[in-house]
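Since the structure comes first, as C-alpha cells, the remarks are kept for the end.
Taken together, the values in this text are just the output of simple stated rules run on the coordinates, not laboratory data. Owing to the predicted nature of the structure, the values given are computational and were not obtained by experimental measurement.
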Ligand code: GUN
C-alpha cells in the first residue's frame, strides 16, 4: 500500500493562520512583532529563502527588515549592524542568513546576536539550553518536524528514530529533542562515516533524512510502514540550466514501502518558515 503523503504546506498554512490571529491581538497592545533579516551577498538560494521569509512575515502581519550587505562587506560592518539591532527595542528577532561569505567567521557572528533575539536558535547559549531541556527558542526545522509528527499522529514515544545527518541546524538538535522524556524516542544518529547505513535505517520506525545527499535513501532501506521525513533540499540542475529541488529520499521508491512520507518540496520546507514566524511571535510576546 502506498504511503500517506504528508502535506507540510497545508499544516504550515494552519499554523500561520494561528500566528496571524495572535499577531493581530498583540498589535492591539501596541506591539508589532519585527524580524530583522540580514543577507550578505547575492547567493541565489539565500536570496530566495530570504524572500520567502519576508513574504511570510507580511502575510502574518509582522514587520520584516530586509538588510542586505555587499558580498565584500567586512566582518566588522556586520558586527556593527548586529550591535545596533540588539539595542533596538523595535526588533524582536535577528536572523543572519547562512552561509556567509568565506571571509566572515560564522561562529563569531552567531555569538554576536543577543540570545533573546536568536529566533534561529543557532547561538551556543540557545543550543546549550536545548541540550539541557531548559525553556527557550526551538530551532525551526527540528521544531517543524516535531509538529508534523504530532499533526499526523505518528507514534513517537518508545519508537526507534534514525536520523541521517549530524548538522548543528537539523541532526544534532532534532536528536536531542526526540530523546527528551516528552517525546521518549530511542534515537540513533547516522552520518557519512556510518558503515552499512541500511542496517540502521531498516530498523527505523521514523527515518529522518537530513544529510543533504540527493537520493541517499532508497526504497529497500525503509522498514515497511515507517514514517519517512525528508529534510534534504538539493538543487538539481537540469536541461537549459533550470534547477529543481529534490530531497535525500528517492520518493517514488520510498512511498511503496513507507507508511507516511514527506514530499520535497512541500513537506518540511514550509514548516521551517512557519516555526520561524512562531518564534518571532514568541519573542515579541516576551515568552
Ligand atoms: N541557511 C539555511 N537554512 C537556514 C536557516 O534556517 N536559517 C538561516 N539563518 N540560514 C539558513
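Structure notes:
- Cα gyration tensor category, rounded, prolate or oblate, for the range 48-168 with a/c compared to 1.5: prolate
- Taking each residue as 0.36 nm, the span from residue 9 to residue 70 lengthens on full extension beyond its C-alpha to C-alpha distance by 18.7 nm.
- The chain, relative contact order [Cα under 8 Å, separation at least 6], %: 23
- Taking all Cα pairs closer than 8 Å and separated by 6 or more residues, the relative contact order of the range 74-191 comes to 19 percent.
- For the chain, a Kirkwood radius taken over Cα pairs fed into Stokes-Einstein (37 °C, viscosity 0.692 mPa s) yields D = 167 µm²/s.
- The range 139-258 - share of DSSP beta bridges that are antiparallel (%, nearest 5): 20
- Convex hull per residue volume in Å³, alpha carbons only, for the range 113-249: 137
- For the pair the range 47-114 / the range 191-206, the C-alpha centres are spaced 36 Å from each other.
- Computed over the chain, the per-residue total of -39500 (n - 2.57) for DSSP H runs of n ≥ 4 gives a 222 nm mean residue ellipticity of -12500 deg cm²/dmol, rounded to 500.
- The range 163-216 shape via C-alpha gyration tensor axes, a/c threshold 1.5: oblate
- Looking at the chain, the DSSP beta bridges with both ends there are about 10 percent antiparallel.
- Residue-span extension gain [residue 24 to residue 244] - 0.36 nm each, minus C-alpha spacing: 75.6 nm
- Chain lengthening between residue 86 and residue 102 when straightened (0.36 nm per residue, less Cα-Cα): 3.4 nm
- Overall form of the range 1-116 per C-alpha gyration tensor (a/c, 1.5; a/b vs b/c): oblate
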